[in-house]
Amino acid sequence: METKLALSEAKITRARELAARIVEPVGAFVDAHTTVTVERATLRLAGADGADADGVPVPNLIVDQLKGRLEEGALLAYVNALVKTGETVAGLNQKIAAGFNIAGLPLGDRAALEAKAQELVRTFSARVKGNRAHREAKLKQYEGRNHSPMLYLIVATGNIFEDVKQAQAAAEQGADVVAVIRTTAQSLLDYVPYGATTEGFGGTYATQENFRIMRSALDEAVDKQGRYIYLTNYASGLCMPEIAAMGALERLDMMLNDSMYGILFRDINMYRTFVDQKFSRMINAFAGVIINTGEDNYLTTSDAVEKAYTVLASQFLNERFAQVAGLEPWQMGLGHAFEIDPTLKNGFLMELAQAQMAREIFPEAPLKYMPPTKFMTGDIFKGVVQNALFNFVSQATGQGIHLLGMLTEAIHTPYMQDRSLALENAKYVMNTMADLGGEIEFKEGGLIKTRARQVLDEAVAFLEKIDQVGLMDAMERGEFADIKRPRDMGKGLDGLVKKAPEYFNPFEAYLKAELGLEN
Amino acid sequence: MIVRPYGDTLDDGAVQLSFTLPVADGPKGREAARLFVEKLGFKHAEIVHSHAMAEGFSFYVAYGRTETSVDFDAIHIEEATGEKIYTMAESCEVIRERLGRKIVIVGACTGFDAHTVGIDAIMNMKGYNHHYGLERYQEIEAHNLGAQVPNDKLIDYAVKVNADAILVSQIVTQKDVHIQNMTEFIELLQARGLRERFIAVAGGTRIGNKLAVELGYDGGFGKGSYADHVATFIIDRLIERKHLA
């Protein structure tokens, strides 16, 4: 990649070394533990689905039945029940939903159980590989039809059927990526609701049926528009790996999936999150999903000029956590945002410096660039200008995934016309200055080069500090986003389980083998 | 004084509008849009732009002139604060001189609402738009509990730190979820016999003083409010209470 900022290669290498050292001890902890949602995700990969009359999902029913035995892996009892009852997966799910307890069954012949488990792994593997092949075929069929950067729109009505109309309209208007925002409470639910849903606040429940409905609607749009439309949801919160599992099965293309976001911004326990993010990322890696990381959130709580280095440092950490989970660079939609105070003199130059710096440091990553939100006001006319400047930076620096800024960001969830105007704005700016980026060089000693170097220097210094104290201690001390998270506090800690030596999870073993990770 | 919108001549009543119609773009759609604007009472309705957005949806920009007017002198506004807003330095000085002790303020974005942006703008050290937040005030002990805080937990915390005031932030307003949540907060305070103990303040982009007072709060702050406004309101109320006591 052509470099315009002449950043120090030695410093970038040092940052990556530090990230590897910081992530390593966390990885050791992760590999020794499982969680209730990792077990439920495994069951979902095996086919566990459905819910009882009270709406409790079958994977939760199973994990509750196996309380105290999760250290051996929930799948063991599930395949045992399949073998013992002779039921199909669907048949067993129905029985469990009707009250059948699988915990009481004596364990059958180990070889038979393992053979049954391998059969389930093969079914899963065939389905997800089929999904990948379908996506790749469509991308090839409609090659060159997506915008660059890809234009990303959200829908958030709360009603999946209304979302479908909005998503199809967005596709028709030119969106490359459609994200269904989740209802605001879902990240803190320790289960994934079942079935199609029509009620939600600020978004729509992520359920497997909702995924299927939206995928099918967007597939129609893909062939109608002659352009692949990426479907996006949130593998985050307390059910991170389960949502990744559902996404793999229903061919989602992108997942919001950050290694630390839940700890900092949702007060989810750090042990729980670190274990959950690893398994979720392995599933995403295998399914060919592009993850989107949440660095933009640092800038909604902290100042975008002073704390720019925390964004870069987090990108290095997210990159490392992604690597060790088997994700390829093209799957790493590392995040950042256009959130500098618009009244600040030369703020735009700093935005340009930050975006170009991220582009040069992570040359293969489809960087996810977030629009202004914090300084958007009710002045929608000024908002259009802010978004136009954001669109300019994104195009000039070759960002990968471009979240469209809404002129009514500070007012309400977008109206159809807000999306349309956002798309028109982006298409205009990006077309009229299509090749401008290639014409730009930055002045030696000028504001932009100096700023990029300063942010890199600060990020390296910050990572040195984290390396000295360790990531978990650093989070306890509030080093990230000024938020302190004690390691034994936060939601979901009671769902953490130390794996027994005989822990049984052939899905995990299969994913590791496929992804070339050490077992 | 009678006032009307101003374009370029006094009393021309010029207004711009934009909206979507669930019909295809075209001459018929544009005429429907023009008739709609006329039906709103505008004269000289003109559709200056339209474009298709999606199958069966089109967008319009319109101008019109209105003869409708309002009597400016007959208007009484109900803002939580009056004309005088203390700066941070003035707030601290008034607290020292008139109250003689630090005041304690607890705030959170409550219920399932996950947006800290509002409460952070008011409370965080850094503040918002060059207005420092309450954490920066030397005479205020500010506790920002963040987002998704249940109403009863917020009240428990306020009791624990012996707060003078509680700030409730609500950003998500879809299907009026903020109204339910704000109402629940006041009902919980009342049920626990604590309503008079705290100054209860609500805030959020879609929340005004009028709504907040209707729901039983002492005051409410919407768009364009900073820590200065909230601090001024709380300080003046505390001084009032001190004199009444």
Condition broken by B:MET123, with the remaining ones in (1) within 14 Å of another protein chain (Cβ to nearest Cβ); (2) of a type outside the set (D, E, K, R); (3) open to solvent by 20 Å² or more (accessible area, probe 1.4 Å) satisfied: (3)
Tell me, please, whether a residue that is of a type outside the set (Phe, Trp, Tyr), away from every other protein chain (no Cβ under 14 Å) and within 14 Å of the chain's Cα centre (by Cα) can be found in the stretch A:297-311. no
Give me a count of the residues in the stretch A:488-507 that are closer than 30 Å to A:VAL311 by Cβ and open to solvent by 60 Å² or more (accessible area, probe 1.4 Å). 3
Filtering the stretch B:158-181 down to residues that are more than 14 Å from chain A (Cβ to nearest Cβ) and either touching a residue at least 24 places away in the same chain (Cβ under 8 Å) or not in a helix (DSSP H, G or I) (or both) yields B:ALA158, B:VAL159, B:VAL161, B:ASN162, B:ALA163, B:ASP164, B:ALA165, B:ILE166, B:LEU167, B:VAL168
Among B:VAL94, B:VAL149, which is under 22 Å from B:GLU187 (Cα atoms) and among the hydrophobic types (A, V, I, L, M, F, W, C)? B:VAL149
Search the stretch B:155-184 for residues being open to solvent by 10 Å² or more (accessible area, probe 1.4 Å) and more than 18 Å from the chain's Cα centre (by Cα), and hand back the single one that is nearest to A:THR413 (Cα to Cα). B:GLU184
Quick check: is even one residue across the stretch A:454-465 closer than 30 Å to A:PRO25 by Cα and basic (Lys, Arg)? yes
Over 19 Å from the mean Cα position of the chain (by Cα), away from chain B (no Cβ under 14 Å) and outside any strand (DSSP E or B): is that true of A:ARG272 in this structure? no
Identity of the residue in the stretch B:1-37, within 14 Å of chain A (Cβ to nearest Cβ) and part of a loop (DSSP other than H, G, I, E, B), that ends up most open to solvent (accessible area, probe 1.4 Å): B:PRO22
Looking at (1) open to solvent by 10 Å² or more (accessible area, probe 1.4 Å); (2) over 18 Å from B:VAL230 (Cβ atoms), can you tell me which one B:ASN209 breaks? (2)
Please verify whether B:ASP152 is open to solvent by less than 70 Å² (accessible area, probe 1.4 Å), farther than 22 Å from A:LEU189 by Cβ, in a helix (DSSP H, G or I) and of a type in the set (Asp, Glu), treating the condition exactly as stated. no
Say whether the condition of being crowded, with 22+ Cβ neighbours inside 10 Å, among the small types (Gly, Ala, Ser) and without any contact (Cβ under 8 Å) to a residue 40 or more places away in the chain is met by at least one residue in the stretch B:220-231. no
Subset of the stretch A:164-188 (residues that are more than 10 Å from every other protein chain (Cβ to nearest Cβ), of a type in the set (A, V, I, L, M, F, W, C) and part of a loop (DSSP other than H, G, I, E, B)): A:ALA175, A:ILE181
Which numbered condition trips up A:SER259, out of (1) under 15 Å from the mean Cα position of the chain (by Cα); (2) within 14 Å of chain B (Cβ to nearest Cβ)? (2)
Every residue in the stretch A:262-291 that is hydroxyl-bearing (Ser, Thr, Tyr) and out of contact with any helix residue (DSSP H, G or I) (no Cβ under 6 Å at 6 or more places or on another chain), please. A:TYR271
Whether any residue in the stretch A:252-263 is touching a Cys at 6+ places or on another chain (Cβ under 9 Å), surrounded by 21 or more Cβ atoms within 10 Å (Cβ to Cβ) and not small (Gly, Ala, Ser) is what I want to check. no
For the stretch A:366-390, give me each residue that is of a type in the set (Gly, Ala, Ser) and in a helix (DSSP H, G or I). A:GLY383, A:ALA388
Residues that are touching a Lys or Arg at 6+ places or on another chain (Cβ under 9 Å), small (Gly, Ala, Ser), surrounded by 17 or more Cβ atoms within 10 Å (Cβ to Cβ) and farther than 16 Å from A:LEU5 by Cα: does the stretch A:337-355 have at least one? yes
Take the residues of the stretch B:118-145 that are of a type outside the set (Phe, Trp, Tyr) and out of contact with any strand residue (DSSP E or B) (no Cβ under 8 Å at 6 or more places or on another chain): which is modelled with the lowest pLDDT? B:LYS126
Which of the residues spanning the stretch A:399-418 are within 10 Å of chain B (Cβ to nearest Cβ) and open to solvent by 10 Å² or more (accessible area, probe 1.4 Å)? A:ALA410, A:ILE411, A:HIS412, A:THR413, A:TYR415, A:MET416, A:GLN417
What pairs come up if the first residue lies in the stretch A:172-184 and is closer than 12 Å to A:LEU218 by Cα, the second is among the small types (Gly, Ala, Ser), and their beta carbons are under 6 Å apart, counting only those six or more places apart or on different chains? A:GLU172/B:ALA54; A:VAL178/A:ALA167; A:VAL178/A:ALA170
Mind checking which residues of the stretch B:105-120 are in a strand (DSSP E or B) and surrounded by fewer than 22 Cβ atoms within 10 Å (Cβ to Cβ)? none
Any hit, the stretch A:213-225, residues being more than 14 Å from chain B (Cβ to nearest Cβ), open to solvent by less than 30 Å² (accessible area, probe 1.4 Å) and over 26 Å from A:PRO149 (Cα atoms): yes
I'd like the residue in the stretch B:44-84 that is modelled with pLDDT of 95 or more and among the charged types (D, E, K, R) and, out of all such residues, is most open to solvent (accessible area, probe 1.4 Å). B:GLU67
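Here's the yes/no breakdown for (1) in contact with a Cys (Cβ under 7 Å, 6 or more places away or on another chain); (2) touching a residue at least 12 places away in the same chain (Cβ under 8 Å); (3) β-branched (Val, Ile, Thr); (4) farther than 30 Å from A:LEU344 by Cα:
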{"residue": "B:SER69", "(1), (2), (3), (4)": "no, yes, no, yes"}
{"residue": "B:GLU90", "(1), (2), (3), (4)": "no, no, no, no"}
{"residue": "B:ALA121", "(1), (2), (3), (4)": "no, yes, no, no"}
{"residue": "B:LEU145", "(1), (2), (3), (4)": "no, yes, no, no"}
Could you say whether any residue in the stretch A:357-365 is within 13 Å of chain B (Cβ to nearest Cβ), within 21 Å of A:MET150 (Cα to Cα) and not in a helix (DSSP H, G or I)? no
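So that you can scan it fast, the table gives a plain yes or no per residue for (1) part of a helix (DSSP H, G or I); (2) open to solvent by 10 Å² or more (accessible area, probe 1.4 Å):
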| residue | (1), (2) |
| --- | --- |
| A:SER148 | no, yes |
| A:GLU162 | yes, yes |
| A:ASP190 | no, yes |
| A:GLU199 | no, yes |
| A:GLU209 | yes, yes |
| A:LEU231 | no, no |
| A:PRO241 | yes, no |
I'm told A:ALA20 meets every condition in (1) within 20 Å of A:VAL324 (Cα to Cα); (2) out of contact with any helix residue (DSSP H, G or I) (no Cβ under 6 Å at 6 or more places or on another chain) except one. Can you identify the failing condition by its number? (2)
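The values are calculated or read from the model by the stated rules, or taken from the named source; none is laboratory data. A quick note: this is a predicted structure, and the numbers were derived from the prediction, not measured. Counting neighbours? That spans all protein chains shown, and the Cβs are built from the backbone with ideal geometry, glycine included. The protein model used for the area step is the full one, side chains on, heavy atoms only, and it has no ligands, DNA or RNA in it. Shrake-Rupley method; radii C 1.70, N 1.55, O 1.52, S 1.80 Å.
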